Amino acid sequence: MANLDIFEREDLTGHVRKNSPVFRSHLEKLLDLPIVGDVRGDGYFFGIELVKDKATKETFNDDESESLLRGFLSKALFDAGLYCRADDRGDPVVQLAPPLICDESIFIEIEQILRDVLTEAWTHVSGTSGDRAHTAARTHRDFG
(Lines give C-alpha, C1' and ligand atoms only; values in the text may rest on other atoms or scores of the structure.)
Protein backbone atom coordinates (compact mmCIF):
# COMPACT_ATOMS: atom_id res chain seq x y z
CA MET A 1 0.00 0.00 0.00
CA ALA A 2 2.88 2.34 0.73
CA ASN A 3 4.13 1.79 -2.81
CA LEU A 4 0.74 2.76 -4.23
CA ASP A 5 0.73 5.85 -2.01
CA ILE A 6 4.05 6.93 -3.52
CA PHE A 7 2.73 6.35 -7.05
CA GLU A 8 -0.21 8.61 -6.29
CA ARG A 9 1.67 11.26 -4.31
CA GLU A 10 4.41 11.62 -6.96
CA ASP A 11 2.01 11.14 -9.89
CA LEU A 12 4.28 8.51 -11.44
CA THR A 13 1.65 7.31 -13.88
CA GLY A 14 1.09 10.90 -15.05
CA HIS A 15 4.86 11.35 -15.41
CA VAL A 16 5.11 8.20 -17.54
CA ARG A 17 2.11 9.19 -19.70
CA LYS A 18 3.63 12.62 -20.29
CA ASN A 19 7.12 11.30 -21.09
CA SER A 20 6.33 8.10 -23.02
CA PRO A 21 6.15 9.92 -26.39
CA VAL A 22 9.53 11.51 -25.66
CA PHE A 23 11.03 8.11 -24.82
CA ARG A 24 9.54 6.63 -28.01
CA SER A 25 10.89 9.48 -30.15
CA HIS A 26 14.43 8.90 -28.88
CA LEU A 27 14.19 5.15 -29.49
CA GLU A 28 12.75 5.68 -32.98
CA LYS A 29 15.90 7.62 -33.91
CA LEU A 30 17.58 4.19 -33.84
CA LEU A 31 15.53 3.11 -36.87
CA ASP A 32 18.30 4.52 -39.05
CA LEU A 33 20.53 1.62 -37.94
CA PRO A 34 20.52 -1.41 -40.27
CA ILE A 35 20.06 -3.85 -37.37
CA VAL A 36 16.93 -2.12 -35.98
CA GLY A 37 13.77 -3.41 -37.65
CA ASP A 38 11.13 -1.92 -35.38
CA VAL A 39 10.52 -0.03 -32.15
CA ARG A 40 7.36 -0.97 -30.31
CA GLY A 41 5.89 -0.52 -26.89
CA ASP A 42 4.14 1.98 -24.68
CA GLY A 43 4.70 3.78 -21.42
CA TYR A 44 8.19 2.93 -20.25
CA PHE A 45 8.22 -0.60 -21.68
CA PHE A 46 9.65 -0.84 -25.19
CA GLY A 47 11.22 -3.41 -27.43
CA ILE A 48 13.80 -2.84 -30.15
CA GLU A 49 13.40 -5.57 -32.77
CA LEU A 50 16.69 -6.69 -34.30
CA VAL A 51 16.85 -7.82 -37.93
CA LYS A 52 19.41 -9.27 -40.30
CA ASP A 53 17.88 -7.56 -43.34
CA LYS A 54 16.00 -4.32 -42.80
CA ALA A 55 14.33 -4.33 -46.24
CA THR A 56 12.78 -7.78 -45.85
CA LYS A 57 12.61 -7.76 -42.02
CA GLU A 58 14.48 -11.11 -42.13
CA THR A 59 15.40 -12.07 -38.60
CA PHE A 60 18.43 -13.91 -37.29
CA ASN A 61 18.36 -17.72 -37.16
CA ASP A 62 18.57 -19.44 -33.78
CA ASP A 63 22.37 -19.77 -33.76
CA GLU A 64 22.93 -16.20 -34.92
CA SER A 65 20.42 -14.92 -32.39
CA GLU A 66 22.09 -16.85 -29.56
CA SER A 67 25.51 -15.50 -30.54
CA LEU A 68 24.24 -11.95 -30.99
CA LEU A 69 22.10 -11.70 -27.87
CA ARG A 70 23.92 -13.77 -25.30
CA GLY A 71 27.37 -13.83 -26.87
CA PHE A 72 27.63 -10.09 -27.44
CA LEU A 73 24.72 -7.75 -26.70
CA SER A 74 23.83 -8.70 -23.12
CA LYS A 75 27.37 -8.14 -21.86
CA ALA A 76 28.08 -5.13 -24.10
CA LEU A 77 24.91 -3.31 -23.01
CA PHE A 78 25.57 -4.11 -19.35
CA ASP A 79 29.20 -2.98 -19.62
CA ALA A 80 28.01 0.26 -21.25
CA GLY A 81 25.74 0.89 -18.26
CA LEU A 82 22.37 -0.02 -19.74
CA TYR A 83 20.44 -2.57 -17.72
CA CYS A 84 17.99 -4.16 -20.10
CA ARG A 85 17.11 -7.56 -21.50
CA ALA A 86 18.23 -9.00 -24.80
CA ASP A 87 15.83 -11.83 -25.58
CA ASP A 88 14.73 -14.02 -28.45
CA ARG A 89 11.45 -15.57 -27.43
CA GLY A 90 10.04 -14.95 -30.86
CA ASP A 91 12.09 -12.38 -32.72
CA PRO A 92 15.35 -11.08 -31.20
CA VAL A 93 14.66 -7.91 -29.24
CA VAL A 94 16.22 -5.61 -26.70
CA GLN A 95 13.62 -4.98 -24.00
CA LEU A 96 13.72 -1.70 -22.11
CA ALA A 97 11.92 -0.81 -18.89
CA PRO A 98 13.65 2.16 -17.23
CA PRO A 99 12.68 3.46 -13.79
CA LEU A 100 9.43 5.39 -13.82
CA ILE A 101 11.14 8.58 -12.64
CA CYS A 102 13.32 8.83 -15.79
CA ASP A 103 13.16 11.91 -17.94
CA GLU A 104 14.57 13.04 -21.28
CA SER A 105 18.15 13.28 -20.03
CA ILE A 106 18.07 9.55 -19.34
CA PHE A 107 16.34 8.80 -22.66
CA ILE A 108 19.17 10.58 -24.46
CA GLU A 109 21.71 8.44 -22.60
CA ILE A 110 19.76 5.24 -23.36
CA GLU A 111 19.60 6.16 -27.05
CA GLN A 112 23.34 6.84 -27.24
CA ILE A 113 24.31 3.60 -25.48
CA LEU A 114 21.99 1.61 -27.75
CA ARG A 115 23.32 3.38 -30.85
CA ASP A 116 26.94 2.66 -29.93
CA VAL A 117 26.41 -0.97 -28.95
CA LEU A 118 24.01 -1.83 -31.80
CA THR A 119 26.37 -0.23 -34.31
CA GLU A 120 29.20 -2.37 -32.97
CA ALA A 121 26.96 -5.46 -33.04
CA TRP A 122 26.10 -4.79 -36.70
CA THR A 123 29.76 -4.59 -37.69
CA HIS A 124 30.26 -8.01 -36.11
CA VAL A 125 27.28 -9.70 -37.76
CA SER A 126 27.43 -8.04 -41.15
CA GLY A 127 31.11 -8.53 -41.96
CA THR A 128 32.77 -6.33 -44.51
CA SER A 129 31.93 -8.30 -47.66
CA GLY A 130 28.19 -8.55 -47.14
CA ASP A 131 28.36 -12.27 -47.90
CA ARG A 132 25.79 -14.13 -45.74
CA ALA A 133 27.86 -17.32 -45.33
CA HIS A 134 30.89 -15.27 -44.35
CA THR A 135 28.72 -13.29 -41.95
CA ALA A 136 27.40 -16.42 -40.25
CA ALA A 137 30.92 -17.81 -39.89
CA ARG A 138 32.15 -14.50 -38.45
CA THR A 139 29.22 -14.37 -36.07
CA HIS A 140 30.14 -17.70 -34.52
CA ARG A 141 33.86 -16.91 -34.43
CA ASP A 142 33.51 -13.36 -33.09
CA PHE A 143 30.76 -13.98 -30.55
CA GLY A 144 31.95 -17.38 -29.43
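The values are calculated or read from the model by the stated rules, or taken from the named source; none is laboratory data. Just so it is clear, the model here is predicted, and its values are computed rather than measured. Only protein heavy atoms, including side chains, enter the accessible area calculation; ligands, DNA and RNA are left aside. Shrake-Rupley method; radii C 1.70, N 1.55, O 1.52, S 1.80 Å.
Per residue of the chain, what 222 nm ellipticity follows from adding -39500 (n - 2.57) for every DSSP H run with n ≥ 4, rounded to the nearest 500? Spell out each step's value before the answer.
Values: 6 runs with 73 residues, N = 144.
Helices in the chain give a 222 nm mean residue ellipticity of -16000 deg cm²/dmol.
If you roll a 1.4 angstrom probe over the protein chains with everything in place, what fraction of the accessible area of region 1-60 belongs to carbon and sulfur, to the nearest %? Don't jump to the answer; show the numbers that get you there.
Numbers: 1920 of 3420 Å².
With neighbouring chains kept in place, the figure for region 1-60 is 56 percent.
Give me the extension gain from residue 2 to residue 116: residue separation times 0.36 nm, minus the current Cα-Cα distance, reported in nm with one decimal.
Net length gain for the segment: 37.1 nm.
Angle, helix 104-126 long axis vs. longest principal axis of the chain, Cα atoms, 0 to 90°, nearest 10?
Around 10 degrees separate the two axes.
Helix 12-28 against the longest principal axis of the chain: what's the angle in degrees, Cα atoms only, rounded to the nearest 10?
Taking the Cα atoms of the chain, the angle to 12-28 is about 20 degrees.
Just the accessible area per residue of the chain, please: how many Å² with a 1.4 Å probe?
On the way: 7970 Å² over 144 residues.
About 55 Å² of surface per residue is accessible.
Any idea what log10 I(q)/I(0) is at q = 0.15 Å⁻¹ for the chain, Debye with uniform C-alpha scatterers and no solvent?
Listed by q, the Debye log ratios stand at -0.74.
So what does residue 109 come to for accessible area, using a 1.4 Å probe and Å² rounded to 10?
We get 100 Å² for residue 109.
By how many nm would the segment from residue 61 to residue 25 grow when fully extended, if each residue of separation counts as 0.36 nm and the alpha-carbon distance is taken off?
Stretched fully, the residue 61-residue 25 segment lengthens by 10.1 nm.
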